[in-house]
Amino acid sequence: MLTSKQRARLRAMANTLHDTVLIGKEGITDAVIAQAEEVLEKHELIKIKLLETSMLTPREAQGILCEELDAEPVQCIGTKIVIFRVAREPDNRHINPNA
């Protein structure tokens with residue numbers, strides 16, 4: 001569980017990120033989960049965009065993704081979602097949320 005201070009730091013870091021995962025009218029499919037898993041492992045902090053055709057609300061999508069990927073919710077504004085998870089491989093860890 002992230003503290004509010006950690007979440008604020010991660011939000012600031014996510015501000016400059018581009019959308020790396022898109023969720024469209026199909027919703028959260030296995031392909032979306034696999035793509036998010038891959039990006040999370042490499043970058044730890046990702047920004048996801050829900051397209052207007054998606055039948056999910058951003059909060060619903062964030063909850064599903066965080067549960068499926070064992071990640072922490074960071075931010076949900078408009079159609080953008082930011083989630084964080086420490087990389088499983090020690091070599092891929094480059095964000096220290098406690099700093």
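Just so you know, in region 39-60 the residues that are surrounded by 13 or more Cβ atoms within 10 Å (Cβ to Cβ), free of Cβ contacts under 8 Å to residues at least 24 places away in the same chain and out of contact with any His (no Cβ under 9 Å at 6 or more places or on another chain) include one that is nearest to Thr79 (Cα to Cα), and it is Pro58. Is it true that some residue in region 56-71 is at pLDDT below 95, of a type in the set (S, T, N, Q) and in a strand (DSSP E or B)? Within region 56-71, not a single residue is at pLDDT below 95, of a type in the set (S, T, N, Q) and in a strand (DSSP E or B). When residues in region 1-38 are screened for being in contact (Cβ under 8 Å) with a residue 60 or more places away in the chain, open to solvent by 50 Å² or more (accessible area, probe 1.4 Å) and either under 18 Å from Leu69 (Cα atoms) or touching a strand residue (DSSP E or B) at 6+ places or on another chain (Cβ under 7 Å) (or both), 6 of them pass. The set of residues in region 87-98 that are surrounded by fewer than 18 Cβ atoms within 10 Å (Cβ to Cβ) and either within 15 Å of the chain's Cα centre (by Cα) or closer than 18 Å to Ile33 by Cβ (or both) comprises Ala87, Arg88, Ile95. Within region 37-47, one or more residues are within 20 Å of Met1 (Cβ to Cβ) and in a strand (DSSP E or B).
Of all residues in region 73-99, those satisfying the criterion of being touching a Pro at 6+ places or on another chain (Cβ under 9 Å) and either touching a residue at least 24 places away in the same chain (Cβ under 8 Å) or among the hydrophobic types (A, V, I, L, M, F, W, C) (or both) are Cys76, Ile77, Thr79, Lys80, Ile81, Val82, Ile83, Phe84, Val86.
Please determine, by comparing only the residues of region 61-72 that are free of Cβ contacts under 8 Å to residues at least 24 places away in the same chain and open to solvent by 20 Å² or more (accessible area, probe 1.4 Å), which one is farthest from Ala12 (Cα to Cα).
Looking at the filtered set, the residue picked out is Glu67.
Every condition in (1) β-branched (Val, Ile, Thr); (2) in contact with a helix residue (DSSP H, G or I) (Cβ under 6 Å, 6 or more places away or on another chain); (3) modelled with pLDDT of 95 or more holds for Ile48 except the one numbered (2).
The values are calculated or read from the model by the stated rules, or taken from the named source; none is laboratory data. As the structure is a prediction and not an experimental result, all values here were calculated from the model. Positions of Cβ are backbone-derived with ideal geometry, glycine not excepted, and every protein chain shown enters the neighbour counts. The accessibility values were calculated without ligands, DNA or RNA, using every heavy atom of the protein model including side chains. Shrake-Rupley method; radii C 1.70, N 1.55, O 1.52, S 1.80 Å.
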